[in-house]
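The values are calculated or read from the model by the stated rules, or taken from the named source; none is laboratory data. Please read all numbers here as calculations on a predicted model, not as lab measurements. Heads up, the Cβs are rebuilt from the backbone with ideal geometry, glycines too, and the neighbour counts pull from every protein chain shown. Quick note on the areas: whole protein, heavy atoms, side chains included, nothing else; ligands and nucleic acids left out. Shrake-Rupley method; radii C 1.70, N 1.55, O 1.52, S 1.80 Å.
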Amino acid sequence: MTRLVSVVAAAALAVGVPSWTAPMAPFRIVGDLYYVGSQGISAFVLKTRDGLILLDAGMPTYAPQIIKNIEALGFKPTDVKVIVASHAHFDHAGGFAEIKRITGAKLAIMEQDVKADETGTYPGSEAIHELDFRPVKVDRLLHDGETVSLGGETLTAHLTPGHTAGCTTWTFPVYEAGKTYSVIYQCSMSVAANRLVNRPQYPGIVADYRKSFAVLKTFKADIFLAPHADQFGLLEKKAKMALNAPNPFIDTGELPRRVAAGEAAFKADLARQEAAAKAKP
């Protein structure tokens with residue numbers, strides 16, 4: 001019965017919510033940083049003098065739309081030279097194989113997530129095939145603190161495990177009107193479908209979450225981004241941009257607010273799972 005329930009839940013997760021694949025017109029966030037994802041799942045491109053860096057690739061079925069969004073901005077698909085990831089779940093890594101095929105770009109992934117990407121499986125739930133996605137060849141294995149550079153722009157990869165063992169938070173600068181803004185693309189810190197107790201998703205997951213929250217508290221950023229639109233108020237901010245208001249993406253207080261909220265949610269999820277485990281006969 002437990003297996004049946006998990007498969008049903010996984011199938012629902014794999015379909016996602018409508019916003020995860022609802023098209024959204026691409027737009028410039030600040031400087032040479034652009035949004036090319038859906039209404040619910042993030043993807044970004046950073047323009048450099050030697051081409052584009054793509055951050056994440058959305059759901060498996062959304063890859064063609066990301067390519068269309070890139071073209072709508074005036075770029076060619078082959079302008080994408082490097083692809084990087086937040087984490088190895090189907091709703092963010094599912095489009096890697098197709099986009100890599102179309103663009104010829106090189107894919108750089110944190111070492112702990114490489115196996116999941118190259119097998120197209122949901123880490124810790126590999127037997128639930130409803131969560132599978134098309135496997136992709138990883139060209140470069142990353143480690144905590146390493147950088148990815150292209151055309152004078154450099155992104156730094158920070159290992160912030162928990163949501164997956166290789167969950168990667170990216171930091172980089174962007175420039176506009178003589179000003180430099182620090183950007184953080186925070187890997188998801190939500191528990192979501194993860195088991196924290198009773199056969200945890202992977203060994204040490206609870207300690208990893210706690211360590212990552214501690215690390216994230218040390219960062220500062222002018223612009224906070226995240227893999228799911230609702231994790232950084234994408235639609236609300238985009239609406240404000242249409243009103244010619246001050247750029248709503250620039251908010252130095254958002255990172256600490258989001259980290260605090262994420263940590264509180266993690267603690268609540270952990271308490272619920274621990275209580276449920278104790279209550280089992």
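Express in whole angstrom the spacing between the alpha-carbon centres of region 117-188 and region 193-217.
If we compute the Cα centre of each part, the gap is 18 Å.
From the mean inverse distance of alpha carbon pairs (Kirkwood) and the Cα radius of gyration, derive Rg over Rh for region 99-167. Write out the running numbers ahead of the final one.
On the way: Rg = 13.2 Å, Rh = 13.2 Å.
So for region 99-167, dividing Rg by the Kirkwood Rh gives 1.01.
Select from the chain the helices, each a whole stretch of DSSP H, whose alpha-carbon atoms run 27 Å or more along the helix axis and whose Kyte-Doolittle mean is at least -1.0; answer none if there are none.
Details: long enough: 254-279 (37 Å, -0.32).
Span-like helices, by this rule, are 254-279.
In the neighborhood of Glu111, defined by Cβ-to-Cβ distances under 14 Å, what is the net charge if each Lys or Arg adds +1 and each Asp or Glu adds -1? Working shown, then result.
Values: positive: Lys115, Arg140; negative: Asp113, Asp117, Glu118, Asp139, Asp144, Glu146.
It works out to a net charge of -4.
Within the set of other residues whose C-beta is less than 12 Å from the C-beta of His228, count the net charge using Lys and Arg as +1 and Asp and Glu as -1. Write down the numbers at each step before the final one.
Details: positive: Arg258; negative: Asp56, Asp91, Asp230.
The answer is -2.
³J(HN,Hα) across region 186-193 via Karplus (A = 6.51, B = -1.76, C = 1.60, θ = phi - 60°), whole Hz, x for Gly/Pro?
Each residue of region 186-193 in turn: 7, 4, 3, 10, 6, 7, 6, 8 Hz.
Using 0.36 nm per residue, how much length does the chain from Tyr202 to Arg272 gain when fully extended, once their Cα-Cα distance is taken away? Walk me through the numbers on the way to the answer.
Values: separation 70, 0.36 × 70 = 25.20 nm, distance 1.84 nm.
23.4 nm is the gain from fully extending Tyr202 to Arg272.
Rounded to a whole number of µm²/s, how large is the Stokes-Einstein D of region 163-281 at 10 °C and 1.306 mPa s, given Rh as the Kirkwood radius over C-alpha pairs?
Working: Rh = 15.9 Å.
Taking Rh from Cα pairs, D becomes 100 µm²/s.
Take region 144-228, compute every pairwise Cα distance, and split them into 10 Å bins from 0; I just need the percent in each bin.
17, 45, 26, 10, 2, 0
When the chain is treated as a GNM, springs tying every alpha-carbon pair under 10 Å, which of Lys81, Lys179, Lys47 comes out with the largest mean-square fluctuation?
Lys179
Just round it to a whole percent: the fraction of Cα-Cα distances in region 36-101 exceeding 18 Å. Could the numbers behind the result be given before it?
Numbers: 499 of 2145 pairs.
Summing the P(r) of region 36-101 above 18 Å gives 23 percent of all pairs.
Tell me, what is the Rg over Rh of the chain, with Rh the Kirkwood radius over Cα pairs? Numbers along the way, then the final one.
Details: Rg = 18.2 Å, Rh = 19.1 Å.
My calculation puts Rg/Rh at 0.95.
Under 27 Å between alpha carbons, and skipping anything fewer than 8 positions from Lys278 in its own chain: which lysines qualify?
Result set, ordered by chain and number: Lys211, Lys267.
Go through 186-192, 172-178 and give me the packing order, highest mean Cβ count within 10 Å leading. All intermediate terms of the calculation are to be shown ahead of the outcome.
On the way: 186-192: 22.0, 172-178: 13.3.
So the order, starting with the most tightly packed, is 186-192, 172-178.
Give me the percent of accessible area attributable to carbon and sulfur for the chain, probe 1.4 angstrom.
Working: 7170 of 12420 Å².
Here carbon and sulfur together make up 58 percent of the probe-accessible area.
Under 5 Å between amide H atoms, partner at least 5 residues away or on a different chain: which partners does Ile41 have, H built in plane at 1.01 Å?
It is Ala229, by chain and number.
Tell me the label-point distance for the pair Ser182, Asn247, using the 7 Å Cα-to-Cβ offset, in nm and rounded to one decimal.
1.6 nm
Rolling a 1.4 Å sphere over the protein heavy atoms, what is the accessible area per residue of the chain, to the nearest Å²?
Working: 12420 Å² over 281 residues.
Counting only protein heavy atoms, the per-residue value for the chain is 44 Å².
Based on the Cα coordinates of region 80-219, what is the per residue volume of their convex hull in Å³? Don't skip to the answer; put the middle values down first.
On the way: hull volume 16.0 nm³, N = 140.
For region 80-219, the hull spanned by Cα atoms encloses 114 Å³ per residue.
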